[in-house]
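Chemist: Structure below; questions to follow.
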Amino acid sequence: MKHFLGKKLNVKIAAALFALVLAGCSSLRPTEAESVHTYLLEAQFDRTVQVKPIPLVLTVSPPRAVPGYDTVRMAFVRQPHRLEYFAKNRWAETPAKMLGSLLVRALELRTGFNAVTSADGMVKGDVRLDTEITLLQQEFTTSPSRLHMKLRVQLVEQTSYRVLATQVFDAVEAAPTDDPYGGVIAANRMLPRLLGQIADFAAMNGISLSEHRK
């Protein structure tokens, strides 16, 4: 009888030890990655804009971004001079890279250049448009929060490398909700207006250059 009870006790102890080992192993397993929300920069443009023909080819350089914004991480601020990033929300690609195709599209639709090409193509244009993101952040220093974006744009004559014009475009759009998705909505509402202003800037200086060459 004592032998049977001892054997039964040993089985219970072994089972308890096995359970502890399993628990220890499970704690060492990597936890499943938490879902990350990924967003796009997008814009719809008015196709009915009347433009003046410009007998020049415009080349668009790939946009760049200053440190802090050259990343897929979505930046926000809660106090001046302190840049933070959302942990579970990100851009699908760096904003500078996504901006490139949108900028080309806006220039095609809203200017009268003979052609608008990307700088990574084979065609060398008469003028080149350089763009740099100097600010792109959701600001919670106001209520409601807002999306703030600044672009430094420069137009260069290709043959002489002469800078024709430089301008900083500063745009702000209130976010419909105080969360990352609200910032994305604000950015995409703002982009058609902002890129339209850049297109007008390029067209005005392109017309001036073409008339000067006559």
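The values are calculated or read from the model by the stated rules, or taken from the named source; none is laboratory data. As the structure is a computational prediction, the values presented were derived from the model and not from experiment. Note: ideal-geometry Cβ built from the backbone for every residue, glycine included; neighbour counts use all protein chains shown. Each accessible area value is taken on the protein alone, full model and side chains, heavy atoms only, with ligands, DNA and RNA left out. Shrake-Rupley method; radii C 1.70, N 1.55, O 1.52, S 1.80 Å.
Chemist: Could you tell me whether any residue of the range 160-171 is over 23 Å from the mean Cα position of the chain (by Cα), charged (D, E, K, R) and not in a loop (DSSP other than H, G, I, E, B)? Spell out how you get there, then give the answer.
Modeler: So in the range 160-171, the residues over 23 Å from the mean Cα position of the chain (by Cα) come out as 160-165.
After this cut, where a residue has to be charged (D, E, K, R) as well, the list is 162.
Next, only the ones that are not in a loop (DSSP other than H, G, I, E, B) stay: 162.
Yes, the range 160-171 has at least one match.
Chemist: I'd like to verify a number: residues in the range 148-173 that are open to solvent by less than 60 Å² (accessible area, probe 1.4 Å) and closer than 17 Å to Val66 by Cβ, how many?
Modeler: Residues flagged as open to solvent by less than 60 Å² (accessible area, probe 1.4 Å) and closer than 17 Å to Val66 by Cβ within the range 148-173 amount to 7.
Chemist: For Ser101, all conditions in the list (1) in contact (Cβ under 8 Å) with a residue 24 or more places away in the chain; (2) closer than 19 Å to Met190 by Cβ; (3) not in a loop (DSSP other than H, G, I, E, B) hold save one; what is the number of the exception?
Modeler: (1)
Chemist: I'd like to check something: does the range 76-89 contain any residue that is closer than 16 Å to Leu155 by Cα and part of a strand (DSSP E or B)? Full working, then the answer.
Modeler: First, pick out the residues of the range 76-89 that are closer than 16 Å to Leu155 by Cα: none.
No, the range 76-89 contains no residue that is closer than 16 Å to Leu155 by Cα and part of a strand (DSSP E or B).
Chemist: Which one is surrounded by the fewest Cβ atoms within 10 Å (Cβ to Cβ) among residues in the range 138-147 that are assigned to a loop (DSSP other than H, G, I, E, B) and in contact with a helix residue (DSSP H, G or I) (Cβ under 9 Å, 6 or more places away or on another chain)? Don't jump to the end; show me each part of the working.
Modeler: Step one: list which residues in the range 138-147 are assigned to a loop (DSSP other than H, G, I, E, B), which gives 140-145.
Still in the list and also in contact with a helix residue (DSSP H, G or I) (Cβ under 9 Å, 6 or more places away or on another chain): 144-145.
Numbers: Pro144: 12, Ser145: 22.
Once the filter is applied, the top-ranked residue is Pro144.
Chemist: Any idea how many residues of the range 38-75 are polar (S, T, N, Q), part of a loop (DSSP other than H, G, I, E, B) and either more than 14 Å from the chain's Cα centre (by Cα) or within 20 Å of Pro192 (Cα to Cα) (or both)? Step through it out loud before you land on a result.
Modeler: Initial filter on the range 38-75 (polar (S, T, N, Q)): 38, 44, 48, 50, 59, 61, 71.
Next cut, part of a loop (DSSP other than H, G, I, E, B) only: 44, 48, 50, 61, 71.
Retained after the next criterion (residues that are either more than 14 Å from the chain's Cα centre (by Cα) or within 20 Å of Pro192 (Cα to Cα) (or both)): 44, 48, 50, 61.
So the answer is 4.
Chemist: Hey, any hits in the range 55-68 for a residue that's of a type in the set (A, V, I, L, M, F, W, C) and over 22 Å from Arg128 (Cβ atoms)?
Modeler: At the first step, the residues of the range 55-68 found to be of a type in the set (A, V, I, L, M, F, W, C) are 56-58, 60, 65-66.
Imposing the further condition that a residue be over 22 Å from Arg128 (Cβ atoms) reduces the set to none.
So far as the range 55-68 goes, no, none of its residues is of a type in the set (A, V, I, L, M, F, W, C) and over 22 Å from Arg128 (Cβ atoms).
Chemist: Say whether the condition of being among the hydroxyl-bearing types (Ser, Thr, Tyr), farther than 25 Å from Ala119 by Cβ and open to solvent by 40 Å² or more (accessible area, probe 1.4 Å) is met by at least one residue in the range 178-185. It would help to see each step written out before you state the result.
Modeler: To start, the set of residues in the range 178-185 that are among the hydroxyl-bearing types (Ser, Thr, Tyr) comprises 181.
Keeping just the survivors that are farther than 25 Å from Ala119 by Cβ gives 181.
With open to solvent by 40 Å² or more (accessible area, probe 1.4 Å) added as a condition, the list becomes 181.
Yes, that holds for at least one residue.
Chemist: Somewhere in the range 173-187, is a residue part of a strand (DSSP E or B) and touching a strand residue (DSSP E or B) at 6+ places or on another chain (Cβ under 7 Å)? Steps first, please.
Modeler: Residues of the range 173-187 that are part of a strand (DSSP E or B), as a first pass: 173-174.
Now narrow it down to the ones that are touching a strand residue (DSSP E or B) at 6+ places or on another chain (Cβ under 7 Å): 173-174.
Looking for residues that are part of a strand (DSSP E or B) and touching a strand residue (DSSP E or B) at 6+ places or on another chain (Cβ under 7 Å), one finds at least one in the range 173-187, hence yes.
Chemist: Another question, then. Kindly list the number of the only condition in (1) open to solvent by 60 Å² or more (accessible area, probe 1.4 Å); (2) among the acidic types (Asp, Glu); (3) assigned to a strand (DSSP E or B) that fails for Glu211.
Modeler: (3)
Chemist: Output the residue which, of all residues in the range 81-93 that are closer than 22 Å to Glu34 by Cβ and open to solvent by less than 90 Å² (accessible area, probe 1.4 Å), is farthest from the chain's Cα centre (by Cα).
Modeler: First, the residues of the range 81-93 that are closer than 22 Å to Glu34 by Cβ: 84-93.
Next cut, open to solvent by less than 90 Å² (accessible area, probe 1.4 Å) only: 84-86, 89-93.
Numbers: Glu84: 15, Tyr85: 13, Phe86: 14, Asn89: 12, Arg90: 9, Trp91: 6, Ala92: 8, Glu93: 7 Å.
Taking the candidates together, the pick is Glu84.
Chemist: Another question about this same structure. Look at the range 105-130 and say how many of its residues are among the aliphatic types (A, V, I, L, M), open to solvent by less than 40 Å² (accessible area, probe 1.4 Å) and under 10 Å from Pro62 (Cα atoms). Reasoning before the result, please.
Modeler: Residues of the range 105-130 among the aliphatic types (A, V, I, L, M): 106-107, 109, 115-116, 119, 122-123, 127, 129.
Imposing the further condition that a residue be open to solvent by less than 40 Å² (accessible area, probe 1.4 Å) reduces the set to 106-107, 109, 115-116, 127, 129.
This time we only want the ones that are under 10 Å from Pro62 (Cα atoms), so: 129.
Counting residues in the range 105-130 that are among the aliphatic types (A, V, I, L, M), open to solvent by less than 40 Å² (accessible area, probe 1.4 Å) and under 10 Å from Pro62 (Cα atoms) gives 1.
Chemist: Identify the single condition in (1) surrounded by fewer than 10 Cβ atoms within 10 Å (Cβ to Cβ); (2) modelled with pLDDT of 95 or more that Gly68 does not satisfy, given that it satisfies every other one.
Modeler: For Gly68, the exception is condition (1).
Chemist: Residue pairs, Cβ under 9 Å, 6 or more apart or interchain, first in the range 22-50 and closer than 28 Å to Arg73 by Cβ and modelled with pLDDT under 85, second β-branched (Val, Ile, Thr) and in a helix (DSSP H, G or I). List them.
Modeler: Here the result reads none, with nothing in the range 22-50 linked to a residue that is β-branched (Val, Ile, Thr) and in a helix (DSSP H, G or I).
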